[in-house]
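K.L.:
I'd like to ask some things about the structure below.
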Amino acid sequence: MSLMRPRNRIVYFRLSEEEFNKLSQMCSTADGARNVSELSRSAVQKLILNQPSGSNGEVYEVLNRMQTTVSELNRKVEYLVAKSSVLAGQQASADEENKTGENPCDTETRKREKG
């Protein structure tokens, strides 16, 4: 003989008329559910039994690691963008030097010395 635990907690939630009718129809086909309340309780118990322990903590941990990784990637991308801008500027200076045969920095220095 199984001992029944006292049911002293109440959970309320609202359903649309359509949802309630579907649940009522399911009672006639569900194993042992005599009414919507028993069907709902049975569904909640199945959810509790099938849920891996600590899954919310695990999900939070995975999301936290992903956020950290994304932040690191953002910093690295910003660094690479800044570095490529510097390199592009250096390349432009080198291209200018190749065209004129002079270093643009030397030209600027000569202008200041003459001026």
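The values are calculated or read from the model by the stated rules, or taken from the named source; none is laboratory data. Nothing here was measured: the structure is a model prediction, and the numbers come from that model. Glycine also receives a Cβ, built like all others from the backbone with ideal geometry; neighbour counts cover every protein chain displayed.
K.L.:
Does ASN50 qualify as being at pLDDT below 85 and within 30 Å of TYR12 (Cβ to Cβ)?
P.N.:
Spelling it out, ASN50 is indeed at pLDDT below 85 and within 30 Å of TYR12 (Cβ to Cβ).
Each row is one residue, and each column tells you yes or no for (1) in a helix (DSSP H, G or I); (2) modelled with pLDDT of 85 or more.
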site: ASN8; (1), (2): no, yes
site: VAL11; (1), (2): no, yes
site: ALA33; (1), (2): no, no
site: TYR60; (1), (2): yes, no
site: ARG65; (1), (2): yes, yes
site: TYR79; (1), (2): yes, yes
site: ALA88; (1), (2): yes, no
site: SER93; (1), (2): yes, no
site: GLU96; (1), (2): yes, no
